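Asks: Sharing a structure below in structure tokens format, with a few things to ask.
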Amino acid sequence: SKLAGNPKEWERIVAVISLGASWQYKDWPRGYSAPVDLFGRTHGFYIGLEKEKEPADLSKWAVKKGFLSRDKRGLDSVCYANFWDGLEDRLVTKRPEFLPRKDEL
């Protein structure tokens, strides 16, 4: 990936969407390749389908979960809103330097 050689860019990552499989992160740099550490640094989010089994690893990670319905696709926006609300909360509490300042609005 283009980020691989640039640690400063990795420090700017604020959110990660997870498939729920730890192999996703095996080639990521140190500090980001272990999901427990990664989701301590970022807003982790998992999107799955309602009534389907969740990946077992998710219970060990600090990720928020959103679920989509196969039959009620009009409710997808609720899942997406939960992601954005969670990310905003994370930025306000842990990474305020990435939010616009009042004088920039």
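The values are calculated or read from the model by the stated rules, or taken from the named source; none is laboratory data. This is a predicted model, so every value here is computed, not measured. Here Cβ is always computed from backbone atoms with ideal geometry, including for glycine, and neighbour counts include all displayed protein chains. In case anyone asks, the SASA skips ligands and DNA or RNA and just uses the protein heavy atoms, side chains included. Shrake-Rupley method; radii C 1.70, N 1.55, O 1.52, S 1.80 Å.
Asks: Using DSSP to call loops (not H, G, I, E or B), can you name the trypsin sites (Lys or Arg not before Pro) in the stretch 21-62 whose Cβ has at most 11 other Cβ atoms within 10 angstrom?
Replies: Taking the stretch 21-62 and a limit of 11 other Cβ atoms within 10 Å, the loop trypsin sites (Lys or Arg not before Pro) found are 26, 30, 51, 53.
Asks: Let me ask something else. Just add up the charged neighbours of residue 44: K/R +1, D/E -1, any other residue whose Cβ is under 10 Å from the Cβ of residue 44.
Replies: Taking every Cβ under 10 Å from that of residue 44, the sum is +4.
Asks: Which value results for Rg/Rh of the stretch 11-105 when Rg is the Cα radius of gyration and Rh the Kirkwood radius based on the inverse mean 1/r?
Replies: Rg divided by Rh gives 1.02.
Asks: Same structure, new question: Please check which bits of the stretch 24-51 a label hung off residue 68 would reach, taking the label as a point 7 Å along Cα-to-C-beta and the cut-off as backbone N under 19 Å.
Replies: Within reach of a label on residue 68, which here means backbone N under 19 Å from a point 7 Å along Cα→Cβ, the stretch 24-51 contributes 44-51.
Asks: Within the stretch 10-86, what whole-number % of the accessible surface is contributed by carbon and sulfur, with the 1.4 Å probe and all protein chains included in the calculation?
Replies: Answer for the stretch 10-86 is 52 percent, counting heavy atoms of protein chains only.
Asks: Could I ask something else about it? How much area per residue is accessible in the chain when the probe is 1.4 Å and only protein heavy atoms are counted (Å²)?
Replies: Dividing the accessible area of the chain by its residue count gives 73 Å².
Asks: Taking loop as defined by DSSP and a crowding limit of 14 other beta carbons within 10 Å, which trypsin sites (Lys or Arg not before Pro) in the stretch 65-96 fit?
Replies: Within the stretch 65-96, the qualifying trypsin sites (Lys or Arg not before Pro) (loop, at most 14 other Cβ atoms within 10 Å) are 70, 72.
Asks: Within 10 Å of each candidate Cβ there may be at most 15 other Cβ atoms; applying that plus a DSSP loop requirement, which GluC sites (Glu not before Pro) in the stretch 1-58 survive?
Replies: 11, 50, 52
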